[in-house]
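Undergrad: Supplied in structure tokens, the structure appears directly below.
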Amino acid sequence: MSIVSRVRRAFTICTIAAITSQFAVFAAKPGVELRVLGTHATGIYNLGAAEIVAHDPVTQRLFVVNGANSSIDVLNVSDPSNPTFLFAIDVTPYGDQANSVDVFDGVVAAAVQADVKTDPGSVVFFNTDGVFLNEVPAGALPDMITFTPNGQKVLVANEGEPNSYGQTTSVDPEGSVTIVDLSKGVANATVTTAGFAAFVGTTLDPSIRIYGPNASLVQDLEPEYIAVSHNSKTAWVTLQENNALGILDLDSGEFTELIGLGFKDHRLEENKFDASDRDGVANGPGINIANWPVYGMYQPDGIASFKYKNETFLVTANEGDARDYTGFVEEIRVGASGYPLDPVIFPNAAALKTNAQLGRLTVTRATGNTDGGTDFEEIYVLGGRSFSILKADGEQIYDSGDDIEQLTKLAYPDNFNANHSCDLPCTATTGNEPDNRSDNKGPEPEGVTVGKAYGRTYAFIGLERMGGVLVYEITDPYDAKFVQYLNNRNFSAVTNTAAALDLGPEGLHFISEEDSPTGIPLLAVANEVSGTTTVYEFVQVH
């Protein structure tokens, strides 16, 4: 029996148990369970006041990127049921804002973008009391930072986004990964840069997208997130917009492979999705998870690694992302007149372009015109609405198919595919409307982390739009099992109020029982829209 079939069968025995009036837990069976312990709230709405979170086990502090205040907020979680604010590390002396943070052995490393985002950024080191240690250069728009497991190196994904295309002021930096060698200590850190020049002129997998107007390959590839092998020798870098993965040899400091992630065939039974926000009664919201003649680009954001039988495996959160700049807007709706469908391949084009079918669906205009003509032979959406498990060589061995939308439909039928925010002034309904995101990437799985607990390995996936965390057991990566979906969100509250609880989970950090202040595994989640950081405990239940 396939994992999709097994999860679907589990739906018939699952229950939704009310935990509070604000949220529910949806679980396949007893065994392990996430439970909300405590939350720290900044009170800052929709400005990125809690984006990425890291943990130091010695001081029992969380370090949380606060983009709204251009700081790293330091929280005390010695009592994880009551995370308390200690102090903030101001990063404005080093640039505009921090985009990511990590901690290892008492050293805090922050990726700080320049005041002009197309200029080179920096890596800034502090101790856990916020005292400055060192600063070294990074590439343009350093977007994610991580220590290698042995602590000898720090890696930074430099996204290198353009400021525009085709304008006299356009600047498009090269994407790269900064490698900071700490083998001689933070004070003596040295820097090398891994770029993509070696792949210029080579034949790439056809699912790798190089498509920015007049952009070279080295400009177009945009590193997003990094996972590292358990032996600290290899890194895997998501290239989100490009639908690709780069493999980085950390001994040589060079990329050795570019791997195309392929496309998801939404015609297959296990790959259904809801394609419209107006497919209900009277052209209103409705739930219609179905097969469509559409391909999905996986385009993962977050990536994490784990070991199975001494081999490295990868978990990707297939969020999807588009380019939207002055001079180039990638997205378009299927129903738009500027998106003609090939009448031979799509003889039912008129029906497909209605709101009840694919007319409202947001797709890319950069991929799908296979013959260079005036119409599109294939339809491509952004993101896979799923998470995947890959082997070290990039081969996909598992994808969650349509499980995420099936799960969220059952858990929250009245708020299925809701958004995480609203345009001010907000009301009790705006931002919580059902079906709002069905036409555009759905629940958007964005962040992922992996942890070991109770002798098993688990993946935790955050859903940016709908909210909440999915838990899957992946001890055997060839036999992934759904465990739980928990959403600490109050859909009856106005989204820009504290009563709404957690909105827009972005950064997830697993804390093992060895590192936990309570001896029980924890999960810390930074929620960028609500500006909240929530700590969960991961307990055994019987």
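Undergrad: Taking the stated definitions as given, is Leu62 closer than 19 Å to Val525 by Cα and in contact (Cβ under 8 Å) with a residue 12 or more places away in the chain? If you could, list the steps in order and put the result at the bottom.
TA: Numbers: closer than 19 Å to Val525 by Cα: yes; in contact (Cβ under 8 Å) with a residue 12 or more places away in the chain: yes.
Spelling it out, Leu62 is indeed closer than 19 Å to Val525 by Cα and in contact (Cβ under 8 Å) with a residue 12 or more places away in the chain.
Undergrad: Still on this model: For Asn310, all conditions in the list (1) of a type outside the set (Val, Ile, Thr); (2) free of Cβ contacts under 8 Å to residues at least 40 places away in the same chain; (3) surrounded by 15 or more Cβ atoms within 10 Å (Cβ to Cβ) hold save one; what is the number of the exception?
TA: That leaves (3) as the condition not met.
Undergrad: Could you say which residue among Leu47, Leu133 is surrounded by fewer than 20 Cβ atoms within 10 Å (Cβ to Cβ), over 20 Å from Val237 (Cα atoms) and within 19 Å of the chain's Cα centre (by Cα)? Break it down stepwise before answering.
TA: Values: Leu133 fails: within 19 Å of the chain's Cα centre (by Cα).
On inspection, the qualifying residue turns out to be Leu47.
Undergrad: Right, here's the next one. Among the listed residues Asn188, Asn99, Asn76, identify the single one that is of a type outside the set (A, V, I, L, M, F, W, C), modelled with pLDDT of 95 or more and surrounded by fewer than 17 Cβ atoms within 10 Å (Cβ to Cβ).
TA: Details: Asn99 fails: surrounded by fewer than 17 Cβ atoms within 10 Å (Cβ to Cβ); Asn76 fails: surrounded by fewer than 17 Cβ atoms within 10 Å (Cβ to Cβ).
On inspection, the qualifying residue turns out to be Asn188.
Undergrad: Something else now. For Asn415, all conditions in the list (1) in a loop (DSSP other than H, G, I, E, B); (2) under 18 Å from the mean Cα position of the chain (by Cα) hold save one; what is the number of the exception?
TA: Asn415 satisfies all of (1) in a loop (DSSP other than H, G, I, E, B); (2) under 18 Å from the mean Cα position of the chain (by Cα) except (2).
Undergrad: Select, from Ser252, Ser232, Ser183, Ser207, the only residue that is assigned to a loop (DSSP other than H, G, I, E, B) and closer than 25 Å to Gly507 by Cβ. Break it down stepwise before answering.
TA: Details: Ser252 fails: closer than 25 Å to Gly507 by Cβ; Ser183 fails: closer than 25 Å to Gly507 by Cβ; Ser207 fails: closer than 25 Å to Gly507 by Cβ.
Ser232 is the lone residue from the list that is assigned to a loop (DSSP other than H, G, I, E, B) and closer than 25 Å to Gly507 by Cβ.
Undergrad: With a cut-off of at least 3 residues that are among the polar types (S, T, N, Q) and within 23 Å of the chain's Cα centre (by Cα), name the strands (runs of 3 or more DSSP E) lying wholly within the stretch 451-542. Write out each step before concluding.
TA: Numbers: elements: 456-463, 469-473, 481-486, 505-511, 522-527, 532-540.
Hits in the stretch 451-542: 532-540.
Undergrad: Go through (1) outside any loop (DSSP other than H, G, I, E, B); (2) farther than 30 Å from Pro413 by Cα; (3) not basic (Lys, Arg) and name the single condition Glu33 misses.
TA: (2)
Undergrad: To continue, here is another question. State yes or no: is Glu446 touching a residue at least 24 places away in the same chain (Cβ under 8 Å), touching a Leu at 6+ places or on another chain (Cβ under 6 Å) and part of a strand (DSSP E or B)?
TA: Details: touching a residue at least 24 places away in the same chain (Cβ under 8 Å): yes; touching a Leu at 6+ places or on another chain (Cβ under 6 Å): no; part of a strand (DSSP E or B): yes.
Answer is no for this residue.
Undergrad: Does the stretch 95-124 hold any residues that are more than 22 Å from Gly151 (Cβ to Cβ) and either in a loop (DSSP other than H, G, I, E, B) or among the charged types (D, E, K, R) (or both), and which are they?
TA: Gly95, Asp96, Ala114, Asp115, Val116, Lys117, Thr118, Asp119
Undergrad: Within the stretch 283-295, restricting attention to residues that are in a strand (DSSP E or B) and hydrophobic (A, V, I, L, M, F, W, C), which residue is surrounded by the fewest Cβ atoms within 10 Å (Cβ to Cβ)?
TA: Looking only at the stretch 283-295, we keep the residues that are in a strand (DSSP E or B), and these are 289-290, 295.
Right, trim to hydrophobic (A, V, I, L, M, F, W, C) and you get 289-290.
On the way: Ile289: 16, Ala290: 14.
Among residues in the stretch 283-295 that are in a strand (DSSP E or B) and hydrophobic (A, V, I, L, M, F, W, C), the one surrounded by the fewest Cβ atoms within 10 Å (Cβ to Cβ) is Ala290.
Undergrad: In the stretch 354-369, what residues are of a type in the set (D, E, K, R) and crowded, with 20+ Cβ neighbours inside 10 Å? Steps first, answer last, please.
TA: Kept after step one, since they are of a type in the set (D, E, K, R), are these residues of the stretch 354-369: 360, 365.
If the condition is that a residue be of a type in the set (D, E, K, R) and crowded, with 20+ Cβ neighbours inside 10 Å, then Arg360 is the only one that fits.
Undergrad: In the stretch 389-412, which residues are surrounded by 23 or more Cβ atoms within 10 Å (Cβ to Cβ) and either in a loop (DSSP other than H, G, I, E, B) or among the aromatic types (Phe, Trp, Tyr) (or both)?
TA: The answer is Ser400, Gly401, Asp402, Tyr412.
Undergrad: Now, a different point. Suppose we filter the stretch 125-144 for residues that are part of a strand (DSSP E or B), touching a residue at least 24 places away in the same chain (Cβ under 8 Å) and closer than 16 Å to Phe87 by Cβ; how many remain?
TA: So the count comes out to 1.
Undergrad: I'd like the full set of residues that are in a loop (DSSP other than H, G, I, E, B) and farther than 16 Å from Ala322 by Cα, limited to the stretch 210-229. Reasoning before the result, please.
TA: Start the filter on the stretch 210-229 by keeping residues that are in a loop (DSSP other than H, G, I, E, B), which leaves 210-216, 221-222, 229.
Residues satisfying the conditions are Asn214, Ser216, Ser229.
The values are calculated or read from the model by the stated rules, or taken from the named source; none is laboratory data. Only a predicted model underlies this, so the values are computations on that prediction, with no experimental measurement involved. Don't worry about glycine lacking a Cβ; one is built from the backbone with ideal geometry, like all the others, and counts go over all protein chains shown.
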